[in-house]
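**Student:** What follows is a structure written as structure tokens; I'll ask about it next.
The values are calculated or read from the model by the stated rules, or taken from the named source; none is laboratory data. Predicted model, so just to flag it, every value in this text is computed and none were measured. Every residue, glycine as well, gets a Cβ built from its backbone with ideal geometry; the counts of neighbours run over all protein chains shown. Just the protein is used for accessible areas: all its heavy atoms, side chains included, with ligands, DNA and RNA removed. Shrake-Rupley method; radii C 1.70, N 1.55, O 1.52, S 1.80 Å.
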Amino acid sequence: MNESTVTRRQAPLHDPKKKILCVVANPAVHKGFPVGFYARELTGPYLHFIRAGHQIDICSPKGGKVALDAQSDPEHEMTQEPDDLISIGFKHHRAFAEQLGDTPSIADVDLDAYDAVFVVGGGSPLVTFKGDTVLYARIAQAYEAGKVMGFICHGTCLLNWVTLSDGSRLVDGKTWTGFADSEEATVNAAMGVTVFDETIEAEATKNPNTRFETAGPFEPFAIRDGNLVTGQQQNSTALVAQLVIEALGEH
């Protein structure tokens, strides 16, 4: 009798419950285009986090109503994500929609109540995060308190700007990733305009004390370096979420 190969896999139903604060950018207009946060970069990790048994809250730098990037909204005529069924479900979930309708400002959030902070990307972060010293200070505070810190896609722009209490950059001595210049070039060609004059990769390479890595354009790629977890772009959401969950499991 020939025996087939049998694979068995088991995991605990839930990790010990932790609290995660998701930070999404406030809406803005950039070069004539409305910009917000990238839907899949919030809803994908959010689903992974709640399936792991964790509690999720959403905030924004300035507070108030936040908006999906049109290109990421699966129900928008400009969408590039028509098959993003997860985001469609979240959009039509009453409690989730209410959270997006009135987010608290990160300045008013009790960071001590959270085990992790997860920063979402999209078109807005490079526009609205830059120069926001309150946001920088809160991110530095969370990092220095030993919290797990997750960043994805354009949300990683903060890592070029946030300094710690000793004057060093948060990413000094760290290996990380974010939206690549090769991906910016693809977006620029599609839009017919240079969307961002200052890019994450170009700025990161100016820092001799950090290591910025990327995979091929739009390939899923994520890095964990200690408590710092980063993902290259929207296709990396599952990888980033898994690494954040793993890091939380060690706390």
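**Student:** Identify all residues within the stretch 33-57 that are in contact with a Cys (Cβ under 7 Å, 6 or more places away or on another chain) and either open to solvent by less than 10 Å² (accessible area, probe 1.4 Å) or in contact (Cβ under 8 Å) with a residue 60 or more places away in the chain (or both); write none if there are none.
**Tutor:** If the condition is that a residue be in contact with a Cys (Cβ under 7 Å, 6 or more places away or on another chain) and either open to solvent by less than 10 Å² (accessible area, probe 1.4 Å) or in contact (Cβ under 8 Å) with a residue 60 or more places away in the chain (or both), then Tyr38, Glu41, Leu42 are the ones that fit.
**Student:** Enumerate the pairs (first residue in the stretch 239-251 and more than 9 Å from His48 (Cβ to Cβ); second residue anywhere and surrounded by fewer than 18 Cβ atoms within 10 Å (Cβ to Cβ) and aromatic (Phe, Trp, Tyr)) with beta-carbon separation below 6 Å, excluding pairs fewer than 6 apart on the same chain, so at least 6 apart or on different chains.
**Tutor:** As it stands, the answer is none, since no pair meets every condition given.
**Student:** Among (1) out of contact with any helix residue (DSSP H, G or I) (no Cβ under 7 Å at 6 or more places or on another chain); (2) assigned to a helix (DSSP H, G or I); (3) surrounded by 13 or more Cβ atoms within 10 Å (Cβ to Cβ), which single condition is Ala215 missing?
**Tutor:** Against the list (1) out of contact with any helix residue (DSSP H, G or I) (no Cβ under 7 Å at 6 or more places or on another chain); (2) assigned to a helix (DSSP H, G or I); (3) surrounded by 13 or more Cβ atoms within 10 Å (Cβ to Cβ), Ala215 comes up short only on (2).
**Student:** Scan the stretch 120-135 and report the pairs whose first residue is under 13 Å from Gln233 (Cβ atoms) and of a type outside the set (Phe, Trp, Tyr) and whose second residue is open to solvent by 20 Å² or more (accessible area, probe 1.4 Å) and in a loop (DSSP other than H, G, I, E, B), with Cβ atoms within less than 8 Å and a gap of 6+ or a chain change.
**Tutor:** Once the first residue is under 13 Å from Gln233 (Cβ atoms) and of a type outside the set (Phe, Trp, Tyr) and sits in the stretch 120-135, its partners that are open to solvent by 20 Å² or more (accessible area, probe 1.4 Å) and in a loop (DSSP other than H, G, I, E, B) give Val120/Tyr38; Gly121/Tyr38; Gly122/Tyr38; Gly123/Tyr38; Gly123/Val195.
**Student:** On to the next question. Restricting to the stretch 12-32, name every residue that is open to solvent by less than 70 Å² (accessible area, probe 1.4 Å) and assigned to a strand (DSSP E or B).
**Tutor:** Lys19, Ile20, Leu21, Cys22, Val23, Ala28, His30, listed by residue number.
**Student:** Further question: Can you tell me which residue in the stretch 58-87 is most open to solvent (accessible area, probe 1.4 Å), limited to those that are aliphatic (A, V, I, L, M) and in contact with a helix residue (DSSP H, G or I) (Cβ under 9 Å, 6 or more places away or on another chain)? It would help to see each step written out before you state the result.
**Tutor:** First, pick out the residues of the stretch 58-87 that are aliphatic (A, V, I, L, M): 58, 66-68, 70, 78, 85-86.
Right, trim to in contact with a helix residue (DSSP H, G or I) (Cβ under 9 Å, 6 or more places away or on another chain) and you get 58, 66-68, 78, 86.
Numbers: Ile58: 7, Val66: 8, Ala67: 38, Leu68: 45, Met78: 91, Ile86: 74 Å².
Here the answer is Met78.
**Student:** Could I ask something else about it? Out of curiosity, is Glu246 under 16 Å from Leu158 (Cα atoms) and in a helix (DSSP H, G or I)? If you could, list the steps in order and put the result at the bottom.
**Tutor:** Details: under 16 Å from Leu158 (Cα atoms): no; in a helix (DSSP H, G or I): yes.
Spelling it out, it is not the case that Glu246 is under 16 Å from Leu158 (Cα atoms) and in a helix (DSSP H, G or I).
**Student:** Mind listing just one residue for me: the one in the stretch 233-251 that is out of contact with any strand residue (DSSP E or B) (no Cβ under 7 Å at 6 or more places or on another chain) and under 16 Å from Thr214 (Cβ atoms) and, of those, surrounded by the most Cβ atoms within 10 Å (Cβ to Cβ)?
**Tutor:** Gln233
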